[in-house]
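Participant: Just passing along the structure, written as structure tokens.
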Amino acid sequence: GVKLLLHGLCSNTTVRSLDLKGNNLRTVGAEALGKLLRQNKSIRSLILEWNSLGVWEEGFSFFCQGLGANNYLQRLDLRNNQINHQGAGELAMALKQNASLQELDLRWNNIGLLGGRALLNCLHSNKTLKRLELAGNNVPSDILKAVEQAMDHNQDRQTILRETQNRTYILSKEVLSLKDEKTKQFLDLMDTIDKQREEIARSGRMSAARVSQLQEALDEQHSIMNSLKAKLQMTEAALALSEQKVHNLGELLNATKQEQTSMTERHFMELQQQKQEGADREGKLLRDLSAASEKNLLLRNQVDELEKKCKVQQDQLFLVKQDLTNTTAELKLRAVQAEERLDIEKRRFKQSLEDMESLRLKEVDHMTQHIEASERSMQDRIQRLESIRIALEEELSKVKAAALTERGQAEEELIKVRNQARLEEQQRLEHLEEKLRLMTESRDEAQNCCLKQKQMVAEAQAKANQLSLHADGLRRRLEELQQDLNSKEEEKVTEVNKVKVELQEQIGHLQAERTAQEGLREKIAALERQLKALSSNHREALLDKEGEISMLLEKLRMKEADISRMREEEAQRASFLQNAIMAYVQGSPLGTHSSRK
């Protein structure tokens, strides 16, 4: 049934989540799942808990191949599937090929050490996985920590990618808006050109109507020729002004190029200074760590000396115990000898029992007094040893307090250094953002200048077109006048020829202006390309800076892990010392005496 269901889902495009928990799929179901993952493009979440997929290696390998070929699944739940280290290796190979999976749950399986290492190695090539659960798999804690670090690194990388995508989207929007504005301006120019052409056509019609009037007004030709000469002089003056404007535009372009080169040099110098400051800070942090390690070594040496003193005291207590046992043995031997003597005296002297009893009582009193005196001396020795032990315990407490204070100071210094590093990084980021804002403002100003220059060029082109159209109209009028006046006055033909030559020179000047304007257009295009190259370089510098910041964060994490390890080792040593002292107190005669009571 599951096979038919999965076969039907291969061509489905609407199902987003599939839950097959506790269905005992086996090999056929695993193969069908692999085929589904290869063909389906809509499922984003797949839950396969309690299905024992890891028992059949061939089916699970086919499932892993389908997972590696899929680029749409985002969440996969494989809890309680009896996956061993071989299955974990196949999953690692699939994760190296997959580029869409974000969450993977492998809790309560049999992955072990080898499977954990395989999954950790695959995370170097997988950049999309955000969450990986490995609890209940007999995986060592160091591998779990490394997996967590890799997950954090992938999350940071994806946030950076999202920010870059958003920035590129915003920039693309700005570029499209600029293109739209340019197209609008071009369409406006085309509309103005069409209107001017219509006006020219109207003026041509009006000129055709005026030809008849010109034939009648031949006497006014001299005045018209003088007016044409004046107009030619005005056009020459306008051409000179346009040349001056072109020269000024070239100077402005050179100035903008120099400013851009100076800005790039400044940015390069600032980046070098920031790299040097980062290296100096790393050196300071390493020095602080070396000083902390030296302090820890001194504390360790003091603890070793205290342990040696404790061992010497234990040896002394052992010797005292041996003396006590020897004295008790001697006393027992003396008591035995006295009893034997009493028995002999009882046998020999039955008649003098009363005298011997009095003597025996005296000897017993003497022996008891001797025993009491020896016990008192031993108690005095024990009290002295206890006072020595108390003094040593006080010294140990003082040393521990000093170590704790030094640890607190070292931790406070580390916290201060971290806060300073964070503040400095925030200041750097703010400084870089201000630089970006200034660069965008300068870019906008340059774009505005380019737009103004384009407008000036467009105005010059419009003027040139108007002049060329005016010149064409003049040519037509002159040709018609020549045809009409050839029959009447041959002398005026020479004057008309001179006017033609002057008009041709004017046309040559206008063509030269057109070529100059085309050169300006090429320069403007080159400047736009330079601006694009500068923006790309600036983005690459920002990406490099973000990579350096991520490396510094990883170094800080490694140092924090080392400090936590040192703390755990010191806590273990303190617990060992406490256990030794408690064992010593329990093994002392006072401890045994109190327990007997």
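Participant: Just to be sure before I move on: is GLU294 among the acidic types (Asp, Glu), in a helix (DSSP H, G or I) and open to solvent by 80 Å² or more (accessible area, probe 1.4 Å) in the structure I sent?
Facilitator: Taking the combined requirement at face value, the residue satisfies it.
Participant: Between a residue in the stretch 4-15 that is exposed (fewer than 10 other Cβ atoms within 10 Å of the Cβ) and any residue that is of a type in the set (S, T, N, Q), which pairs come within a Cβ distance under 6 Å, given they are 6 or more apart or on different chains?
Facilitator: THR13/SER42
Participant: Then there's this: Restrict the check to the stretch 136-143 and report whether at least one residue is within 24 Å of GLU31 (Cα to Cα), assigned to a loop (DSSP other than H, G, I, E, B) and open to solvent by 10 Å² or more (accessible area, probe 1.4 Å).
Facilitator: Looking through the stretch 136-143, none of the residues is within 24 Å of GLU31 (Cα to Cα), assigned to a loop (DSSP other than H, G, I, E, B) and open to solvent by 10 Å² or more (accessible area, probe 1.4 Å).
Participant: Looking only at residues in the stretch 114-127 that are surrounded by fewer than 15 Cβ atoms within 10 Å (Cβ to Cβ) and modelled with pLDDT of 90 or more, which one is nearest to LEU73 (Cα to Cα)?
Facilitator: Within the stretch 114-127, the match that is nearest to LEU73 (Cα to Cα) is ASN121.
Participant: Now for a different question. Counting only residues that are open to solvent by 60 Å² or more (accessible area, probe 1.4 Å) and either closer than 22 Å to LEU577 by Cβ or touching an Asp or Glu at 6+ places or on another chain (Cβ under 8 Å) (or both), how many does the stretch 364-396 have?
Facilitator: Residues that pass the stated criteria total 6.
Participant: Check off (1) modelled with pLDDT of 90 or more; (2) open to solvent by 70 Å² or more (accessible area, probe 1.4 Å); (3) assigned to a loop (DSSP other than H, G, I, E, B) for GLU49 and give me the number that stays unchecked.
Facilitator: Among (1) modelled with pLDDT of 90 or more; (2) open to solvent by 70 Å² or more (accessible area, probe 1.4 Å); (3) assigned to a loop (DSSP other than H, G, I, E, B), GLU49 violates only (2).
Participant: Under 6 Å by Cβ, and 6 or more places apart or on different chains, what pairs join a residue from the stretch 130-141 that is closer than 21 Å to ALA99 by Cβ and of a type in the set (D, E, K, R) with one that is buried (at least 16 other Cβ atoms within 10 Å of the Cβ) and modelled with pLDDT under 90?
Facilitator: LYS130/ASN154
Participant: A follow-up question, please. Could you check, for the stretch 93-106, whether at least one of its residues is farther than 22 Å from ASN12 by Cβ, out of contact with any Phe, Trp or Tyr (no Cβ under 9 Å at 6 or more places or on another chain), among the small types (Gly, Ala, Ser) and open to solvent by less than 10 Å² (accessible area, probe 1.4 Å)?
Facilitator: no
Participant: Is there any pair linking a residue in the stretch 175-195 that is farther than 20 Å from LYS452 by Cβ to one that is part of a helix (DSSP H, G or I), with Cβ under 9 Å and at least six apart or on different chains, and which?
Facilitator: ILE193/ALA462; ILE193/ASN465
Participant: For the stretch 31-46, give me the residue count where each residue is open to solvent by 20 Å² or more (accessible area, probe 1.4 Å) and in a loop (DSSP other than H, G, I, E, B).
Facilitator: Residues that pass the stated criteria total 2.
Participant: Collect the residues in the stretch 177-210 that are open to solvent by 100 Å² or more (accessible area, probe 1.4 Å) and either in contact with a helix residue (DSSP H, G or I) (Cβ under 6 Å, 6 or more places away or on another chain) or over 25 Å from LEU467 (Cα atoms) (or both), keeping them in residue-number order.
Facilitator: Answer for the stretch 177-210, where residues must be open to solvent by 100 Å² or more (accessible area, probe 1.4 Å) and either in contact with a helix residue (DSSP H, G or I) (Cβ under 6 Å, 6 or more places away or on another chain) or over 25 Å from LEU467 (Cα atoms) (or both): LYS179, LYS184.
Participant: OK, next. Look at MET234 and say whether it is free of Cβ contacts under 8 Å to residues at least 24 places away in the same chain, under 24 Å from LEU510 (Cβ atoms) and either more than 30 Å from the chain's Cα centre (by Cα) or open to solvent by 60 Å² or more (accessible area, probe 1.4 Å) (or both).
Facilitator: yes
The values are calculated or read from the model by the stated rules, or taken from the named source; none is laboratory data. All values reported here derive from a predicted model rather than from experimental measurement. Positions of Cβ are backbone-derived with ideal geometry, glycine not excepted, and every protein chain shown enters the neighbour counts. Heads up: the accessible areas ignore ligands, DNA and RNA and are worked out on the full protein's heavy atoms, side chains in. Shrake-Rupley method; radii C 1.70, N 1.55, O 1.52, S 1.80 Å.
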